[in-house]
Amino acid sequence: MQLHRFHGGLKLADETDASTAEPVLVMGVPAKLTVPLGQHIGEATEACVQVGDHVTKGQRIGQSKGYIAAHVHAPTSGKVADIDLYPVPHPSGLNAPCVVIEPDGRDEWGDARMEPWLDWDTRDLRALRQRLRAGGIVGLGGAAFPTAVKLNPRAGQRIHTLIVNGAECEPYISADDMLLRTAPEAVFEGIRITARLLGVERVLFAVEDNMPEAMRALTETLPTELRDLIELVSVPSIYPTGGERQLIKVLTGQEVPSGGLPADLGMVCHNPGTFKAICDTVIQGRPLLSRIVTVTGPGVKHPRNVEALLGTPFADVIEAAGGYAEGVDRLVMGGPMMGFAVHDDSIPVIKATNCLLATRPQDTPSPGPVMPCIRCAECAAVCPAQLLPQQLYWQAKAKDFDAIQDYGLFDCIECGCCAYVCPSNIPLVQYYRYAKNEIWAREKERQKSDIARERYEFRQERIEREEREKAERLAKKKAAVKNKENDGDKQAAIQAALERAQKKKAARAEGSEKNSEKGTGSETNGEETSTTNDTRDGDDR
Ligand code: SF4
Ligand code: SF4
């Protein structure tokens, strides 16, 4: 297969020998698990258990409400000891809502366990997607994007190529390497499920050329019936080949458009750990409860990979790798290029924790003082996103957040290549993170004020409508009263006319009686009477 090159990048020393020397250690259940409710990119997840509840292994403890979200499950059975804000692994260092579980030591599955689906290939696609959603699976390469969303393309969007991102490009991380060496069958099953869900025509399985053991395991276990579908591809270990856009460029020569997604090119990209999680959830009915973490760096005594339950304190994970070496001063979650330092090792393993890197002062010598930019353009030469990092830096410094977006800030993958080569030691990525956070915060503020304005307008509209309706009701009522009064006048007029008629009738009757009593000139009187009566009748009419 013909490979392509992406712009820039760096050749970094491979530091995975130490952590791949030992098999993956499956850690036991710790004394306490602190499970963050938000472990993914997307909308918030809310606790669906209460303090004091007994939970079983795999029971849902965090319920996601939105579409771009993922449920959270109890990694073991035990009691919910607390639900509160606790320190979590995040660059902000802020606390976040967590469910604290005191394990009961029985590690029991309860009634909530999903039944195994050995017959998954006969299930309908909607049910399969729902199961992935129920399993709380997110991308395990570090981005933690909810997987079920990625496997549900927009209407009319055809996905023809599935890419397996086994290009673990950071120098110290070997979690995917060890997974591929030890569980290639499960990864292939996950690929098979995903390929069916997306209806893809081909699968490009990329493995970096510094992972020969993994490649061997994959070659040996690739099922015969999948050989026409899956192509194993060895890619050069140039940092950051594991970036989604960079890998697509290497494998296909195509560029994901700025602001676009691989799906726009008919491609979807997943990490091997995600395929294993898909297999576990669909075939075994096991939600995402644990992950492989590389524990490494000169700051740990016996670097290795461990499989840790989500919620396990970092300190326990370090202990599983022999504990800290003498003089450790820095603990990073992630690799040395894209990771971030944490200041508390009681914080828990989350779905995105692929590596814990401990170092001593002598391992990461101070970069020296920050100096002015000399416009050497070294940063632009290595930028895999083909940006102008120095321009982004100037705009971030000037807080010109409109201009910085025009320079493609959101295409920056924060790979750190620019800062790595900068001779002026400018912490460029920190400026980009700052600018992104500011823009997001302003966007949130704008959304908040939009919502407030909409609410105000809605309230005003409601008040006006109610007043209008009230006025209409009042007018109707007045009209009804007036009609009633008019009706009353008419009745009175009719009554008066009737009374007048009766009086006249009575008067005529009285007149006739008097004439009879007199008994005089009946004919003449009769004529006169008749004439008189005619005239009066005419009046009444
Ligand atoms: S590498 Fe550093 S000094 Fe050189 S142009 Fe970029 S920001 Fe400026
Ligand atoms: S951190 Fe951003 S700007 Fe710097 S090299 Fe990487 S992608 Fe380019």
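List of remarks:
- Of the residues making up the stretch 190-217, those that are without any contact (Cβ under 8 Å) to a residue 40 or more places away in the chain and either more than 28 Å from the chain's Cα centre (by Cα) or more than 26 Å from Gln130 (Cα to Cα) (or both) number 5.
- For the stretch 342-369, the set of residues classified as of a type in the set (Val, Ile, Thr) and either within 16 Å of ligand 2 (Cβ to nearest atom) or within 31 Å of the chain's Cα centre (by Cα) (or both) consists of Val342, Ile347, Val349, Ile350, Thr353, listed by residue number.
- Looking across Arg508, Arg536, one residue alone is modelled with pLDDT of 75 or more, touching a helix residue (DSSP H, G or I) at 6+ places or on another chain (Cβ under 8 Å) and open to solvent by 60 Å² or more (accessible area, probe 1.4 Å). It is Arg508.
- Residue that is most open to solvent (accessible area, probe 1.4 Å) [pool: residues in the stretch 411-457 that are within 13 Å of ligand 2 (Cβ to nearest atom) and among the β-branched types (Val, Ile, Thr)]: Ile413
- The stretch 415-428 residues that are touching a residue at least 60 places away in the same chain (Cβ under 8 Å), paired with ones that are more than 7 Å from ligand 2 (Cβ to nearest atom) and open to solvent by less than 40 Å² (accessible area, probe 1.4 Å) (beta carbon under 6 Å, 6 or more apart): Cys415/Pro240; Gly416/Met337; Cys417/Leu10
- Within the stretch 379-409, considering residues that are in contact (Cβ under 8 Å) with a residue 24 or more places away in the chain and open to solvent by 90 Å² or more (accessible area, probe 1.4 Å), the one nearest to ligand 2 (Cβ to nearest atom): Gln386
- Residue identified as over 16 Å from the mean Cα position of the chain (by Cα) and open to solvent by 70 Å² or more (accessible area, probe 1.4 Å) among Pro91, Pro103: Pro91
- Conditions (1) open to solvent by 30 Å² or more (accessible area, probe 1.4 Å); (2) closer than 26 Å to Val29 by Cα; (3) modelled with pLDDT under 95: number failed by Gly327: (2)
- Enumeration of residues in the stretch 267-300 that are small (Gly, Ala, Ser) and under 22 Å from the mean Cα position of the chain (by Cα): Gly273, Ala277, Ser290
- Just one of (1) open to solvent by 30 Å² or more (accessible area, probe 1.4 Å); (2) touching a helix residue (DSSP H, G or I) at 6+ places or on another chain (Cβ under 8 Å) fails for Phe340. It is (2).
- Residues in the stretch 64-88 that are open to solvent by 60 Å² or more (accessible area, probe 1.4 Å), in contact with a Ser or Thr (Cβ under 8 Å, 6 or more places away or on another chain) and part of a strand (DSSP E or B): Tyr86 alone.
- Residue check, Ala214 part of a helix (DSSP H, G or I), open to solvent by less than 50 Å² (accessible area, probe 1.4 Å) and closer than 29 Å to Arg123 by Cβ: no
- Listed by first and then second residue, the pairs linking a residue in the stretch 135-151 that is more than 26 Å from Glu115 (Cβ to Cβ) to a residue that is part of a helix (DSSP H, G or I) and of a type in the set (D, E, K, R), with Cβ atoms under 8 Å apart and 6 or more places separating them unless they lie on different chains, are Gly141/Asp176.
- Residue in the stretch 160-180 that is of a type in the set (Val, Ile, Thr) and in contact with a helix residue (DSSP H, G or I) (Cβ under 7 Å, 6 or more places away or on another chain) present: yes
- Pairs where the first residue, in the stretch 154-183, is more than 24 Å from Pro262 (Cα to Cα) and the second is of a type in the set (Asp, Glu) and surrounded by fewer than 24 Cβ atoms within 10 Å (Cβ to Cβ), C-beta under 7 Å, 6+ apart: Pro171/Asp14; Pro171/Glu15; Tyr172/Glu15; Arg181/Glu213
- For the stretch 6-33, a residue qualifies if it is basic (Lys, Arg) and modelled with pLDDT of 95 or more, and exactly one does: Lys32.
- Any hit, the stretch 411-420, residues being aromatic (Phe, Trp, Tyr) and either within 9 Å of ligand 1 (Cβ to nearest atom) or within 29 Å of the chain's Cα centre (by Cα) (or both): no
- Val332 being away from ligand 1 (no atom under 16 Å from the Cβ) and either open to solvent by less than 50 Å² (accessible area, probe 1.4 Å) or closer than 21 Å to Ala18 by Cβ (or both): yes
- Across the stretch 421-443, the qualifying residues are those that are more than 9 Å from ligand 1 (Cβ to nearest atom) and among the polar types (S, T, N, Q), and the one among them that is nearest to Arg375 (Cα to Cα) is Gln430.
- Counting only residues that are free of Cβ contacts under 8 Å to residues at least 60 places away in the same chain, more than 15 Å from Tyr324 (Cα to Cα) and not hydrophobic (A, V, I, L, M, F, W, C), the stretch 340-357 holds 0 of them.
- Scope the stretch 292-316; condition open to solvent by less than 10 Å² (accessible area, probe 1.4 Å) and either in a loop (DSSP other than H, G, I, E, B) or out of contact with any Pro (no Cβ under 9 Å at 6 or more places or on another chain) (or both); matching residues: Val293, Gly297, Gly299, Val300, Val306, Leu310, Gly311, Thr312
- Matching residues in the stretch 368-384 - criterion: being away from ligand 1 (no atom under 11 Å from the Cβ) and at pLDDT 95 or above: Pro384
- Selection within the stretch 232-266 - among the acidic types (Asp, Glu) and away from ligand 2 (no atom under 16 Å from the Cβ): Asp264
- All positions within the stretch 19-43 that are assigned to a loop (DSSP other than H, G, I, E, B), hydrophobic (A, V, I, L, M, F, W, C) and loosely packed, with under 14 Cβ neighbours inside 10 Å: Ala21, Ala31
The values are calculated or read from the model by the stated rules, or taken from the named source; none is laboratory data. Note that the coordinates shown come from a computational prediction; the quantities given were computed from them, not determined experimentally. Note that we place each Cβ from the backbone using ideal geometry, even for glycine, and neighbour counts take in every protein chain shown. For accessibility, only protein heavy atoms count, side chains too; no ligands or nucleic acids. Shrake-Rupley method; radii C 1.70, N 1.55, O 1.52, S 1.80 Å.
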